[in-house]
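Heads up, the thing below is written out as structure tokens.
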Amino acid sequence: MNHPAELAINQYLEDATSGTSSMSEETITQIGTDVMDAMRRQFGGGNKRDEFRLRMSNIGKPTCQLWFAKNKPETALPKPTTFVMNMLLGDIVEAAFKGIIKEAGVPYEDKDNFVTLELGGETIKGSYDLVMDGALDDVKSASDWSYRNKFASYDTLAKSDPFGYVGQLAGYTKATGKKVGGWWVVNKANGNIKYVPADGLVLDDEIAKLEETVKTINDNKFERCFEPVPETFRGKESGNMILNSNCKFCDYRFACFDIDEQPSKVSQAKTLPTVAYIR
């Protein structure tokens, strides 16, 4: 375990499973209120999801992706019909997690959590998740693969972070003046919970990167952040170039590269994975 609170959380969940613990009406009501607020945010209408502005939740993303969002939003792939539900599930997980840690006796702060940070002449705004033991933590829900691989450690997350989780955590930490914490991660497939400390995050370095991001966007300068890579099969290159894995979920990948997404040309799996080949 990476955090002392993990033991208390696991014990509470074990007791809840065996029926030897309960949840207070106050906590249940708070979770319900938070979920209703999330429903209003996601389904209440008037949510301008495509309106570009730099904010804490996107400031850590690749600058090329932010450039497209600002200058060529019409080139984005349509959001899937699952988008709103995925956003809502993340909100519900966060609400439930906070209720669980409260009932487990783990103290935390999340009141007055709206913060601002001056970066490159811009005021970046956002609302952090929670502070525990004086450290800024973020709550994430993850697929089973991401839980086991991307969130295996700080290093695995920082190595491939197209969603900007490291920059987001750094921004909130700087804005609050708290210590660097990490991520509470909930596996959406099975409900497992773990803590991933940001033990390799150097705050000044990450803030400098965010400053550079703001400058790049304000200068309206476009540079690709990632280049195509050779396709390999059993340790050997196939001769094909494919999309960098950091670009896999980017809404602007078809505008940035001339790609052809098709079944793998080299895999021998019964169900061939889809690969984005560079034309």
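The values are calculated or read from the model by the stated rules, or taken from the named source; none is laboratory data. Bear in mind the structure is a predicted one, so any value in this text is a computation, not a measurement. For neighbour counting, all protein chains shown are included, and Cβ atoms are generated from backbone atoms with ideal geometry for every residue, glycine included.
Things to note:
- Near pairs, Cβ below 7 angstrom, 6+ apart or cross-chain, from region 250-262 (assigned to a helix (DSSP H, G or I)) to any residue that is of a type in the set (S, T, Y): A255/T75
- Filtered residue count, region 226-249, keeping only those that are modelled with pLDDT of 95 or more and assigned to a loop (DSSP other than H, G, I, E, B): 5
- Scan of region 166-220 for residues that are more than 16 Å from E94 (Cα to Cα), touching a strand residue (DSSP E or B) at 6+ places or on another chain (Cβ under 7 Å) and among the basic types (K, R), ordered by number: K174, K178, K179
- Pick from region 202-214, criterion crowded, with 19+ Cβ neighbours inside 10 Å and among the aliphatic types (A, V, I, L, M), ranking: farthest from F151 (Cα to Cα): V214
- Test: residue in region 90-113 that is basic (K, R), assigned to a helix (DSSP H, G or I) and closer than 25 Å to R41 by Cβ: yes
- Where a residue in region 87-101 is in contact (Cβ under 8 Å) with a residue 60 or more places away in the chain and its partner, wherever it lies, is small (G, A, S) and surrounded by 16 or more Cβ atoms within 10 Å (Cβ to Cβ), with Cβ under 8 Å and at least six apart: L89/S141; V93/S141; E94/S141; A95/A38; I101/A5; I101/A8
- Residues that are assigned to a helix (DSSP H, G or I), surrounded by 18 or more Cβ atoms within 10 Å (Cβ to Cβ) and among the small types (G, A, S) within region 32-70 comprise A38, A69, listed in sequence order.
- In region 167-201, the qualifying residues are those that are basic (K, R) and crowded, with 16+ Cβ neighbours inside 10 Å, and the one that is farthest from C64 (Cα to Cα) is K194.
- Selection count, region 134-161, where residues are in contact (Cβ under 8 Å) with a residue 12 or more places away in the chain, of a type outside the set (D, E), within 15 Å of V202 (Cα to Cα) and part of a helix (DSSP H, G or I): 3
- Exactly one residue out of T29, T17 is assigned by TED's automatic domain parsing to the domain that holds S160, of a type in the set (S, T, Y) and either surrounded by 11 or more Cβ atoms within 10 Å (Cβ to Cβ) or in a loop (DSSP other than H, G, I, E, B) (or both), and it is T29.
- Any chance L54 is within 30 Å of F222 (Cα to Cα), among the hydrophobic types (A, V, I, L, M, F, W, C) and touching a helix residue (DSSP H, G or I) at 6+ places or on another chain (Cβ under 6 Å): no
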